[in-house]
There are 2 protein chains.
Amino acid sequence: MKAVGVIVEYNPFHNGHHYHITESKNETGADIAIAVMSGQFLQRGEPALVDKWHRAKMALSSGIDIVIELPYVFSTGNATHFAEGATQLLDAIQCESFAFGSEQGTIQPFLNTHSLLKKQNEEYNALIKQFVSTGLSYPQSLYMAYEKLKKLEENDYIDLAQPNNILGYHYIEAADRLNLTIKPVTIQRIQAGYHDLINTDLSIASATGIRKSLFETLNLDEIKKFVPTTTFTQLNAWCKTHNQFINWDTLWPLLRYAILRNTPEQLTQYADVTEGIEHALIKAARKSTSFSQFMTNLKSKRYTWTRLQRMITHIYTGITKETLHQFSKPSYIRLLGMTSAGQKYLSENKKSFKLPLISRVASTKDPMLQLDLRATEMYAQGLSLISQHEPNGDYQTPPIRL
Amino acid sequence: MKAVGVIVEYNPFHNGHHYHITESKNETGADIAIAVMSGQFLQRGEPALVDKWHRAKMALSSGIDIVIELPYVFSTGNATHFAEGATQLLDAIQCESFAFGSEQGTIQPFLNTHSLLKKQNEEYNALIKQFVSTGLSYPQSLYMAYEKLKKLEENDYIDLAQPNNILGYHYIEAADRLNLTIKPVTIQRIQAGYHDLINTDLSIASATGIRKSLFETLNLDEIKKFVPTTTFTQLNAWCKTHNQFINWDTLWPLLRYAILRNTPEQLTQYADVTEGIEHALIKAARKSTSFSQFMTNLKSKRYTWTRLQRMITHIYTGITKETLHQFSKPSYIRLLGMTSAGQKYLSENKKSFKLPLISRVASTKDPMLQLDLRATEMYAQGLSLISQHEPNGDYQTPPIRL
């Protein structure tokens, strides 16, 4: 059996994701698709709308055969770290290829860009420095340096101003740097851009648009046409049990308490918290009664929104720099769920996996896994604010079989 | 002007407290009464029913002329530490005497007991050791040793099995050990014992009984006859703003989050947390959905309820052993409120106070005071769970003038 891997968050799973899976299988001739999916906390430094098991069920009923968890260490990391964790896991579980959606849609320009930047690395870094010295921001300087390099050779390169092209580039770069055998494939994204809001004339909307609609209208019917029926069922089931979806607004009372319970010095111990921002965090928490107020009070030119949210994630979960920096490579493959085809793949290929497969968390003491368990527990504390139901825990939840 | 001091929590202020103030002034001939009152967290390791300003208002409208705050360091300490802080503050603000309620009702037996235990200190300690070695608990051994010593001399001694006699004894012991000039006076307690529940035939009920009734019936009218009208007004005002009274059940979601957000090793850093209990704390928090469940799961013969609640208080406020152990003596007199008579007393006597008087917290960086501000902020986080109103903060609240 042949497997293609996808790197996902499914927050929530929608028609665009379904299209991507179908195309990935077609393009690669794979028998099954394996998703490496962020757990309770996501790459933009946010809690997931619904927990990882509900999101895994959505995926398994819409074309994915195995869902494994991207450990907290990587799922909350920057693009480079995120890409390293995800590609290594798909490689470890013996995917022949991984397929990512991109604005570009063909793989050659990615490979061209990657070899250009690799070959011209010194020149690239010199150019970046030069642009930074003129007063441009670091991301702007990266982009300008790349644009300048592109002109050196006549070739097809990707547009690095497109968010999905950037992600794809990081995957390719990570897989090459780590000498993985897994091969990159890209699928043209259709209809909805990464951050596009809902356009009711189309049946594909971005996850960002879907979340916005869910939180603003509080009406699941509004997003019905943009998601598979099975996603709709899972979102409904979640709502029945927990009354509302999760975002930082939901967790705000706990987040504010966590920030104020720490001294400024203690705050700087948490992962990603840059020294100098600790007083601003406390000041903003003191004068804000909602998360959006807090972010407005905190935001400055110096930090991007995502950067701030990642700091906040680690403060919320109580994970320190010291803890997080121990880890560089994934040490396990955590199985969240599978279909019967997925199960067959696992039995047939388990022996050649490059990392141990974990189905029951109680059977392991892996310290990287402990952070995933902690993230689930901290996520669950937020749930207990809004719901009388005890939320799912890692110890109580076996892999889903669909 | 002559002042008598009282040591109080007023949780809430009731008819028994009013009687005690009237009698204390009569007995001592004092012109005014000064209360040193616990702030947001109390000696039994609990959050106060309503905040310190509401409680100060109750006191100022019922016979107290000045309310000063017993710092967190002392208000959450054991009986000895609590007594040290309270008596030193009343001495520092130049009270001639302090008056405490007791089952005994006359001062001489207290003085007799104190000089007996002071004189026979070695013998007393030897007896305690002896009883402990027979398998009795420490408090039981204390009592038995005392009972044995009492028989050595024909004299009037207090009964140390009575809770208010014990408190009074600690005040006298502290005042003597610290060489304070303030003189002890005692007032006979009437009608309601320390922990007695409400007896509707009497107009005096214990604060414990009143709280129990408030939380169980959620009906203020049930306790109306046991409190002055002004207490009733303050409790009503609180309810209108914050919807409910505060206890550990109210703060439970935050407390559970605080416990689980810490590693076992981190938990042991908080004040009063004995090494060995950290795993039990986490285990009990994991399997409990309410504070009472948590305490049932946590309780063992080894720790008293109060002892456990004090650990919990420091975990909740995030105050470590290292922080708390820096402090031994009060370093300021924090003014929470005053009547016009109180204000007159302050102007006349301010110069002879033994510690600086703090009216506005913004004007000082005293590290002991920072813990009071932190306690208020952490208390307020619980309020924000139940109420849309921003709670009172130390920076925003000037001393009450009544």
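Per residue of A:258-266, count partner chain C-beta atoms within 10 Å of its C-beta, then hand back the mean as an integer.
The shielding value for this peptide is 4.
Inside 10 Å of the C-beta atoms of A:366-377, what's the mean count of C-beta atoms belonging to other chains?
Working: counts 0, 0, 0, 0, 1, 0, 0, 0, 3, 0, 0, 6.
Mean partner shielding for this stretch: 1.
Using θ = phi - 60° and the Karplus curve 6.51 cos²θ - 1.76 cosθ + 1.60, what whole-Hz ³J(HN,Hα) does each residue of region A:172-181 get, with Gly and Pro shown as x?
Working through the residues one at a time gives 5, 5, 5, 4, 5, 4, 8, 6, 7, 8 Hz.
Under the Karplus relation 6.51 cos²θ - 1.76 cosθ + 1.60, θ = phi - 60°, what is the ordered set of whole-Hz ³J(HN,Hα) values for region B:56-62, x standing for Gly and Pro?
5, 4, 4, 5, 5, 8, 9
Share of antiparallel DSSP beta bridges in the protein assembly as shown, in percent to the nearest 5?
20 percent
Averaging sequence separations of C-alpha pairs under 8 Å and six or more residues apart, then dividing by the length of region A:251-323, give the relative contact order as a whole percent. Before the final figure, lay out each step's value.
Details: 65 pairs, mean separation 32.1, N = 73.
Result for region A:251-323 is 44 percent.
Of A:K25/A:K354; A:K283/B:K354; A:K2/A:K351; B:K52/B:K212, which ones are farther than 25 Å apart at the Cα?
A:K283/B:K354
Among the GluC sites (Glu not before Pro) in region A:252-281, which ones are in a DSSP loop with at most 13 other Cβ atoms within 10 Å of the Cβ? Mind listing them?
Qualifying residues, ordered by number: A:E275.
In nm to one decimal, list the spacings between the A:K225 label point and its equivalents in the other copies, with label points set 7 Å along Cα to Cβ, shortest first.
6.8
In region B:1-35, which GluC sites (Glu not before Pro) are in a loop and have at most 11 other Cβ atoms within 10 Å, using DSSP for the loop call?
Passing both the DSSP loop test and the Cβ count: no residue.
How large is ³J(HN,Hα), in whole Hz, for each residue of region A:265-270 in order, when computed from phi with the Karplus curve 6.51 cos²θ - 1.76 cosθ + 1.60 and θ = phi - 60°, using x for Gly and Pro?
Rounded to whole hertz, the list is 4, 5, 4, 5, 7, 6.
Return the percentage of antiparallel bridges among DSSP beta bridges fully within chain B, rounded to the nearest 5 %.
20 percent
Given a cut-off of 25 Å, name the pairs among B:K118/B:K183; A:K321/B:K321; A:K240/A:K365; A:K119/A:K183 whose C-alpha atoms lie farther apart than that in the structure shown. The partial results should precede the final answer.
Values: B:K118/B:K183 18 Å; A:K321/B:K321 23 Å; A:K240/A:K365 34 Å; A:K119/A:K183 20 Å.
Exceeds cut-off: A:K240/A:K365.
Using modelled amide H (1.01 Å from N, peptide plane; none on Pro or chain starts), what sits under 5 Å from the amide H of A:I400, excluding residues fewer than 5 places away?
HN-HN under 5 Å from A:I400: A:G337, A:M338.
Per residue Cα convex hull volume for chain B, in cubic angstrom? Don't skip to the end; give the middle numbers.
On the way: hull volume 58.4 nm³, N = 402.
That works out to 145 Å³ per residue.
Would you work out if the protein assembly as shown is rounded, prolate or oblate? Take a ≥ b ≥ c from the square roots of the eigenvalues of the alpha-carbon gyration tensor; rounded if a/c is under 1.5, else prolate when a/b is larger than b/c, oblate otherwise. If you can, show how the numbers build up before the last one.
On the way: a/c = 2.58, a/b = 2.31, b/c = 1.11.
In terms of gyration-tensor shape, prolate.
Over chain A, what relative contact order in percent results from Cα pairs under 8 Å that are six or more residues apart? Before the final figure, lay out each step's value.
Details: 674 pairs, mean separation 93.8, N = 402.
Once divided by the residue count of chain A, the mean separation gives 23 percent.
Quick check on chain B: helices-only [θ] at 222 nm, where DSSP H runs of length 4 and up contribute -39,500 (n - 2.57) each and the sum goes over total residues. Nearest 500, please.
-15500 deg cm²/dmol
Using a 7 Å offset from Cα along the direction of the beta-carbon, what are the separations from A:P398 to the same position in each other copy, nm, ascending?
Here A:P398 shows inter-copy label distances of 6.8 nm.
Going down the table (B:K57/B:K350; A:K299/A:K329; A:K129/A:K299), which pairs top 30 Å between alpha carbons? Can you show the working numbers first?
On the way: B:K57/B:K350 22 Å; A:K299/A:K329 32 Å; A:K129/A:K299 25 Å.
Violating the 30 Å Cα-Cα cut-off are A:K299/A:K329.
Going by amide H atoms built from the backbone, whose H comes under 5 Å of the H on A:I358, apart from near neighbours?
Residues meeting the amide H criterion: A:I333, A:R334, A:L335.
Which of the peptides B:75-87, A:58-70, A:339-351 is most tightly packed, and how do the rest follow, judged by the mean count of other Cβ atoms within 10 Å per residue?
Per-residue mean Cβ counts within 10 Å order the peptides as A:58-70, B:75-87, A:339-351.
Could you list which residues have their amide H under 5 Å from that of A:T320, counting only those 5 or more apart in sequence or on another chain, with H placed in the peptide plane?
So A:T320 has HN proximity to A:A271.
Among the aspartates and glutamates, which have Cα under 15 Å from the Cα of B:K344 when same-chain residues fewer than 8 positions away are ignored?
Straight-distance partners of B:K344: B:D31, B:D65.
How far apart are the A:E123 label points across copies, placing each 7 Å from Cα toward Cβ, in nm, shortest first?
9.9
None of the figures in this text is laboratory data; all of them are computed from the coordinates on show. Everything numeric in this text was worked out from a predicted model, so none of it was measured. Note that we place each Cβ from the backbone using ideal geometry, even for glycine, and neighbour counts take in every protein chain shown.
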